Amino acid sequence: MGVEVDIELPTLKELQDAFKSLPNNIAAKHMAAALGRAIDPTYKLIRQLTPRGPTGNLKKAVKKKTKRYVRDGAGVAVAGYTKPPRGKIDSDRKSNERGFHAHFVEKGTKDRKTKGRVASSFSQRPFSVVRRKNGALVTKPKPPKGFLKGTSLGQQVDLGKMPVGGKAGIPPIETAYARQKSQIKTDTIKEMAEGILKATKEMARPFRGGKAQ
């Protein structure tokens, strides 16, 4: 015969009020950590749903980040794609800083055409053009690292369009957050409650002969 036990979890409002009663630096530290733990499954799902292209740069750009706001005693956590840093040319960026096409995969694009008769990756990543034995001209390195496409004088290069969610038709961020919506709420309450316990233990540590971090 089993024994049923009902455990009533605190509400998010009660947890927020509990964090407000803590010193700002401790509240910010443990709230950010708690939200980081709560959003971790969503971060992993975004990474799983992100298509791996020839370079793998977009998948490498999936990141989870937490930030403390000590002045307000608050913390936040987000998961998504890192924004390529400004001022760096493509060749100077790390592989996880080259997720500039994340928006295209997430939202898709309309039909795209160049303004001129040539489409090339040369300005971002220089390449050379070599002739094969069969007479064909190819870029070195090969696409997608080296890309060159041209058309007749007076025409525009048709780059086509990308569907929402890329070839798989699954927008990674929108899909991940939709699937994890209820779980995020449950995990947030659970982890914030855990955060309050950890914060309380940290505050009590000096009185027990330990050192606060």
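The values are calculated or read from the model by the stated rules, or taken from the named source; none is laboratory data. Everything numeric here is computed off the predicted structure, so don't read it as measured data. So basically every Cβ, Gly included, is an ideal-geometry build from the backbone, and we count neighbours across all protein chains shown.
Close Cβ contacts (under 9 Å, 6 or more residues apart or on different chains) running from residues in the stretch 95-119 that are over 17 Å from GLY146 (Cβ atoms) and among the acidic types (Asp, Glu) to residues that are at pLDDT 80 or above and in a helix (DSSP H, G or I) comprise GLU97/ASN57; GLU97/LYS60; GLU106/GLY166; GLU106/PRO172; GLU106/ILE173; GLU106/GLU174. Do you know which of the residues in the stretch 104-118 that are at pLDDT below 80 and among the β-branched types (Val, Ile, Thr) is nearest to the chain's Cα centre (by Cα)? Out of the qualifying residues, it is THR114.
Among the listed residues GLY166, GLY154, identify the single one that is outside the structural domain of LEU58 (by TED's automatic domain parsing) and either surrounded by fewer than 17 Cβ atoms within 10 Å (Cβ to Cβ) or within 19 Å of GLY53 (Cβ to Cβ) (or both). I'd like the intermediate steps shown before the answer.
Details: GLY166 fails: outside the structural domain of LEU58 (by TED's automatic domain parsing).
Going through GLY166, GLY154 in turn, the sole match is GLY154.
In the set (1) farther than 15 Å from ALA79 by Cβ; (2) touching a residue at least 12 places away in the same chain (Cβ under 8 Å); (3) not assigned by TED's automatic domain parsing to the domain that holds VAL118, the condition left unmet by ASP187 is number (1).
Mind checking which residues of the stretch 118-164 are touching a helix residue (DSSP H, G or I) at 6+ places or on another chain (Cβ under 8 Å) and among the hydrophobic types (A, V, I, L, M, F, W, C)? Scanning the stretch 118-164 gives MET162, VAL164. The residue pairs whose first member lies in the stretch 55-69 and is not assigned by TED's automatic domain parsing to the domain that holds LYS145 and surrounded by 19 or more Cβ atoms within 10 Å (Cβ to Cβ), whose second member is in a helix (DSSP H, G or I) and of a type in the set (Phe, Trp, Tyr), and whose beta carbons are closer than 8 Å, counting only pairs six or more residues apart or on different chains, are VAL62/TYR43.
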